[in-house]
Amino acid sequence: MVTRSRCLRALGRRKAGQRPFVGLPMRWPSMLLLLVVRLELMIRMKVLVTGASGRVGANMVKRLVRSGCAVRAMIQPEDPQGKKLTDMAGLDVVEADLGDQSALDSACRGVTHIVHLGAQLVRRDTPVDRFYDVNAFGTLRLLEAAVRNGGVERFVLASTDGTYRPGNPPEVPLTERSPQEPADYYGTSKLLGEIILRNHSAQYGIPFSIVRFATVVSPEEALSRFRLYSMRALLSRAKLEKDSNIWQLFDGRPGLSRILDESVGDAGPDTAVGFTGPDGEPWSLHMVDVRDAVDGVYRALVDPAALGGVFNIAGESPTSHEEGASALSEVFAVPKIMVGMPMTWRLEVSIESARKKIGYQPKYGFREMVEVARAAALDTSVDVDFIPARL
């Protein structure tokens, strides 16, 4: 096991008259120094994680606890998913609403770093002003709480590819410099959170980094992707009209559900299904395994090169509908149907900035997610290295 003391001994060990590190590979000194820096950081860090019972949040808390950090996990009052955190030794769990400034002031007391994952993803019946209040002004309140407690060493904000107008992406792939004109409630609320963070950073000197997630998927959730029932659900979002974060995809295109129904006939709901455009090109979606998402957030939190940066966090490559439907068809031995649509949708992001600047290297593709989830479903004794999205 690598420990701080072992690293320091290795850094200082040399014969009389010998330069440090003689005999070691050239990359070792910098690697050991980085280990020391990170270990020193972990020893003194106390991290507040908001949204700690969420898909990414619970797994981020787990990663930080294992790294030796002191962690304060913030969850909603009476959150039923808070049970995800009950087995983590030494964890400080607090209940606070993003609308409660006093509770946020208390939650930020004594912390050195903040990872802000808390957000409302789907509006449903929530009034628009309350929805914005949670996602945008909740970020403002949290920043104010940090300022009132003397500031923090880094504030990491979880944002989304939804700020790029996912229903009609301005370019493929999307980079961190792509236009951010979401034109929907969720994307706009998250973009406002980014703007608030940048301005508070300039106003109060708060060091920050921002991660923009692609579609985050926990492995067990991959089993429902590219199924007939889930593809019907995707197209049914057209009924939400402009309440959907991808309303542009459906705008002026009635009858998409009818096209699907006519193409699949009496196929069963578990049939593997993908969509293609008018030229036969498969649709594509950039997903990210929750374990890779956590690694991206972790690097944004501890890597010096992440300071002031914005990073798209996604899988190694997008998943085409052909690849996704084929993976399910092959793993589960179910039929596959590719359905032609009157348009092509490609929601893809570039991760080159995260790869080059903070060493982000995603490990898990869609097929790997499907296979690990299937193995766990068949044998409950299989030890998985993630906390499911819902317990």
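Key figures for this structure:
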{"item": "Positive dipole terminus of the range 216-304, leading residue within Y229, Q248, L260 (C-beta point charges)", "result": "Q248"}
{"item": "Loop-resident sites, the range 203-299, for GluC sites (Glu not before Pro), counting at most 13 other Cβ within 10 Å (DSSP)", "result": "none"}
{"item": "Under 22 Å from K190, Cα to Cα: lysines that are on another chain or at least 8 residues apart", "result": "K242"}
{"item": "Filtered trypsin sites (Lys or Arg not before Pro), the range 146-242: DSSP coil and at most 15 other beta carbons within 10 Å", "result": "R177"}
{"item": "Phi to ³J(HN,Hα) by Karplus 6.51 cos²θ - 1.76 cosθ + 1.60 over the range 158-167, Hz, x for Gly, Pro", "result": "8, 10, 8, 5, x, 6, 9, 6, x, x"}
{"item": "Listed residues G187, G274, G90, most fluctuating in the chain (Gaussian network, C-alpha, under 10 Å)", "result": "G90"}
{"item": "Rounded FRET efficiency, nearest 0.05, which uses the C-beta distance separating S201 from S230 and R0 of 35 Å", "result": "0.35"}
{"item": "Per residue accessible area of the range 270-380, 1.4 Å probe, in Å²", "result": "38 Å²"}
{"item": "Which listed pairs, of K62/K357; K62/K83; K46/K356; K62/K356, have C-alpha distances above 21 Å, in listed order", "result": "K62/K357; K46/K356; K62/K356"}
{"item": "Inter-probe distance in nm under a simple model that places probes 7 Å from Cα toward Cβ, at Q361 and V382", "result": "2.5 nm"}
{"item": "Residues whose placed amide H lies under 5 Å from that of V93, excluding near-sequence neighbours", "result": "A73"}
{"item": "Label-point gap, in nm, between A333 and S106 - each point 7 angstrom along Cα→Cβ", "result": "5.7 nm"}
{"item": "Heavy-atom SASA rank of M338, M45 (probe 1.4 Å, accessible area, largest first)", "result": "M338, M45"}
{"item": "Counting DSSP beta bridges with both ends in the chain, the antiparallel % (nearest 5)", "result": "10 percent"}
{"item": "Label point distance in nm, E262-E371, each placed 7 Å from Cα along Cα→Cβ", "result": "3.9 nm"}
{"item": "Size of electric dipole in the range 110-234: Cβ of Lys, Arg +1 and of Asp, Glu -1, about Cα centre, debye, nearest 20", "result": "140 debye"}
{"item": "Sulfur and carbon atoms: percent of accessible area, the chain [1.4 Å]", "result": "52 percent"}
{"item": "Unit charges on C-beta of K, R, D, E only; dipole of the range 180-278, Debye", "result": "220 debye"}
{"item": "Which of A202, P77, G324, positive extreme of dipole for the chain (C-beta unit charges)", "result": "A202"}
{"item": "Trypsin sites (Lys or Arg not before Pro) within the range 65-116: DSSP coil, no more than 15 neighbouring Cβ in 10 Å", "result": "R109"}
{"item": "Rounded to the nearest 20 debye, dipole of the chain from Cβ charges on Lys, Arg, Asp, Glu", "result": "2120 debye"}
{"item": "Estimated [θ] at 222 nm from DSSP helical runs (n ≥ 4, -39500 (n - 2.57)) normalised by residues in the chain, nearest 500", "result": "-11500 deg cm²/dmol"}
{"item": "Accessible area of the range 124-169 divided out per residue, in Å², using a probe of 1.4 angstrom", "result": "38 Å²"}
{"item": "Candidate aspartates and glutamates for bridging to K239, where Cα separation is under 20 Å - those fewer than 8 sequence places away on the same chain excluded", "result": "D125, D184, D251, D261, E262"}
{"item": "Positive-pole candidate from W345, A300, F213, dipole of the chain, charges at beta carbon", "result": "A300"}
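The values are calculated or read from the model by the stated rules, or taken from the named source; none is laboratory data. The shown structure was predicted, so the numbers you read here are calculated from the model rather than taken from an experiment. A quick note on method: Cβ atoms are made from the backbone with ideal geometry, for glycine too, and the neighbour counts reach across all protein chains shown. Ligands, DNA and RNA are excluded from the accessible area calculation, which covers all protein heavy atoms including side chains. Shrake-Rupley method; radii C 1.70, N 1.55, O 1.52, S 1.80 Å.
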